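The values are calculated or read from the model by the stated rules, or taken from the named source; none is laboratory data. Being a predicted model, the structure only gives us computed values, none of them experimental. For neighbour counting, all protein chains shown are included, and Cβ atoms are generated from backbone atoms with ideal geometry for every residue, glycine included. Calculation scope for accessible area: heavy atoms of the full protein, side chains included, ligands and nucleic acids excluded. Shrake-Rupley method; radii C 1.70, N 1.55, O 1.52, S 1.80 Å.
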Amino acid sequence: MKITRRNFIAAVVGGVAGIQATPLPWKFTDDVAIWTQNWPWVPVPATGEFTDVSSVCNLCPGGCGIAVRKVDERAIKIEGRTDYPVNPGGICPVGMGGLQLLYDESLRFTGPMKRVGLRGAGQFKEISWGEAFDIVAGRISNLRKKGTPEAIAAVDGNPEGTTVSVLIKRLMRAMGSPNYVRPPSINDTYRMGNLLMQGTLAPMAYDLENSDYVLSFGAGLLEGWGAPGRVMNAWGMWHDGNPAKRKTRIVQVESRASNTASKADMWVAPRPGTDGALALGIAHVIIKSGQYDSRFIADHSFGFEDWRSLEGVNHTGFKTLVLEKYSPEQVAEITGVNPKTIVSLAKGFVSAKTPVAVYGKGKDNLNGSLYEFMAVQNLNALKGSINRSGGVLLPDPIPLSDLPLLEVDAIASKGLKTPRLDQAGTMRYPFTDSLINNFTDAINRDSKSPVDTLLVFSANPFFTLPDGGGFKKALEKIPFIVSFSPYRDETANMADLILPDSTYLEKVDDIVWPTGLQYPLYGLSKPVVEPLYNTKNSGDTVIELSRAIDDSVGSGFPWENFEEVLQTRAKGLFDAGGGLVSYDPDAPAWQRQTAGNGPKPEYESFDEMWEGIQSEGMWYRPVSSPRSWKGLFNTPSGKFEFSSKLIAQAIENYSNKISKKAALKNMGLAATEDEVCMAHYEAPKAGADLSAYPLKMLPYEMINLASGWIPSPPFLYKTIFENQLLKDKSFAAINPKTAAKYHLEEGELVAVKSPAGEVQVRVNLSEGAMPGIVYLPLGFGHTAYDEFLKGKGVNPNNIVQAGQDPISGYPVWWNTPVKLIKV
């Protein structure tokens, strides 16, 4: 048997079309075969036995089940599993192309390496694992002996809560450094919003499959948000059968005509950054008409009505705020959305039986705005769609066991008391765990880097951070950088030492609760093939490194290997009981089970359960009856909070140190008094002379182009239209009215200039682009990898001028002022 480029293309088209969602205009022709004829790494397996291996994809936090076809020991095809609860048969194009990330040696590091050329040139020589451990362990050990372990920092791009991420955090604490940071994602916004409004750190759980009205604020449902296979499968369900009898209506809110917007039942285009104001305008109509769920409001919420504190102070409630400041006419001035449209959205939402308002920003790779999230979540509360089928569910947290308590030595104890470089968790950013943008600024601000040694895991912040090239400048100042990436990415090319991870098809790894899923699921990948090169699972590398540093650090890692750590955490799943380790497609996990009537576990011991997880790659609890309201919300009031008491307390605490006016300013707040504790709209600061930069630049994501830390499979570049990428030039989508002001025509070369930098692109005249906005695709503009990815298009992150979101401190990447210069 021989797999050709043409067979691969057919597989991609068939896979996506087969789930009834075709968001991409697949334009493959015979030029694919011509274009790729000389690729040396196209897999041509010998004749042999066919086998299929089931696993789980972790190229994104979606955690889709995959089936890998093999001929002898050669993997030749990846498909979506029909026997996996998350994505019944569905898989995204990047997931389908994952074999290229395994077999393309020009994308990968083949073993431990040491830099021999200039930093950033990507010139390395191979060394042994023993030498690699000696180098990095020796450097860390010396810093600890000097009493400066805080000069060690880590950037961890593994999803929060995964076992390798838990180990990396543990290593940092054992060494004595508080400087552990993560690239921002939409899950950070979800986590903080849920804490402030519901008192829980549980993931978002949108019950999409049971909803009859999906009001999506910016979530790229067909661009790869959540678990792509799951959402595309749901989209197919929503559109199955007679259109006149369709159950579910989809409304997409975003400024650009994305695939999701184009295929939704209704597209609403507010100005970028004003989604929260639109949600509050919808809330105004619902409240004024009295069509909100009065029982939920009265029994399970706090801060809706005006209220008086125990000290006798009167406070404004959410109802008063919204009725006074967010009428459809007032909101129209902010968003540009017609007042009649706002009224229509409100009527559609409240008239549905099981509606849900979903918040997002494209895929999962970019953070959102805290107050925007709160405004959207308030719509679910007004309708009573929280803890209700088709809305936002509140399942129990996934019951993984904690690792044993870590005891640190005196050196680590002293280092952990030093202030974090990113200021996360301080009075200024009281609810934030990590601020990589502040971390970057702290390094660039001083003449000498406060970080001596940087460890980078599963992240490419050089390329992915919306910071105008700030992280690249920071890397240039850091004395020693260690990358654990399996890929030759931009950040790895800046490293001094490479300790390469194995790819997801060569190792065991876990996935903890895929983004947006409405039930708890623990996924486990397995090695589909043996490691092709001299690489190690990063989980094993962390354990070995801890022991190489010194006995004190190593004593915190008593496990023989990474799989033992996975088993230690998984024991909590068995102790909790009730989870399933196999999936019946005839009993979808999203179908609500009545108490006592659901499927029963197939195992009686932990060993049986673990064997099932290893075999099938899953442990999950299907959707069950709504949870009891008692103790459901762990907020200070014990209820859903329209007005957050945690925010009020944080401001009060900060005001005890400095004046309240200064506290609010430092936290990025323009509002005052009770308004700061509730969802409200604050116009982002321009940060530049708008007469010099009259337009805005907004990055966008596509489902057939990786925009996170992994490279795009090169085959997927043939799915790109010629008005998105032509040779080495990517395109900016610009409305014809905007282009006419600058005398620009289709295909012309233009410079997009911001205060942070400049890129050159070609013009794509698009009626789907909002006038005054320049849209640039994310995923192009690599300066690393191979000839098929390097130098193709531009990276919009290089010209982003990011402000800070109030309270959270996360980067505001959607408000970059730009101007166009004809080239």
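Restricting the search to strands (runs of 3 or more DSSP E) fully inside the stretch 727-823 and requiring at least 3 residues that are closer than 30 Å to Y429 by Cα gives 816-822. Tell me yes or no: at least one residue of the stretch 513-520 is under 25 Å from the mean Cα position of the chain (by Cα), surrounded by fewer than 24 Cβ atoms within 10 Å (Cβ to Cβ) and either under 26 Å from R173 (Cβ atoms) or acidic (D, E) (or both). So far as the stretch 513-520 goes, no, none of its residues is under 25 Å from the mean Cα position of the chain (by Cα), surrounded by fewer than 24 Cβ atoms within 10 Å (Cβ to Cβ) and either under 26 Å from R173 (Cβ atoms) or acidic (D, E) (or both). The condition (being modelled with pLDDT of 95 or more, open to solvent by 10 Å² or more (accessible area, probe 1.4 Å) and farther than 30 Å from P450 by Cα) is satisfied by just one residue among G384, G348: G348.
Within the stretch 644-689, the set of residues being in a helix (DSSP H, G or I), touching a helix residue (DSSP H, G or I) at 6+ places or on another chain (Cβ under 8 Å) and of a type in the set (D, E, K, R) comprises K645, K660, D674, E675. Can you name every residue in the stretch 503-512 that is under 17 Å from Q614 (Cα atoms) and either buried (at least 24 other Cβ atoms within 10 Å of the Cβ) or not hydrophobic (A, V, I, L, M, F, W, C) (or both)? Hits for the stretch 503-512 are Y504, L505, E506, K507, D509, D510, I511.
One line per residue, one yes/no per condition, for (1) closer than 22 Å to D83 by Cα; (2) in the same structural domain as A706 (by TED's automatic domain parsing); (3) part of a loop (DSSP other than H, G, I, E, B):
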{"position": "G226", "(1), (2), (3)": "yes, no, yes"}
{"position": "G236", "(1), (2), (3)": "yes, no, no"}
{"position": "R256", "(1), (2), (3)": "no, no, yes"}
{"position": "A261", "(1), (2), (3)": "no, no, no"}
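From A802, A756, which residue is open to solvent by 20 Å² or more (accessible area, probe 1.4 Å), closer than 22 Å to N460 by Cβ and within 19 Å of the chain's Cα centre (by Cα)? Exactly one residue qualifies, and that residue is A802.
In this entry, N187 passes the filter for residues that are among the polar types (S, T, N, Q) and over 30 Å from I411 (Cα atoms). Of all residues in the stretch 805-823, those that are in contact with a Lys or Arg (Cβ under 7 Å, 6 or more places away or on another chain) and open to solvent by 20 Å² or more (accessible area, probe 1.4 Å) total 2.
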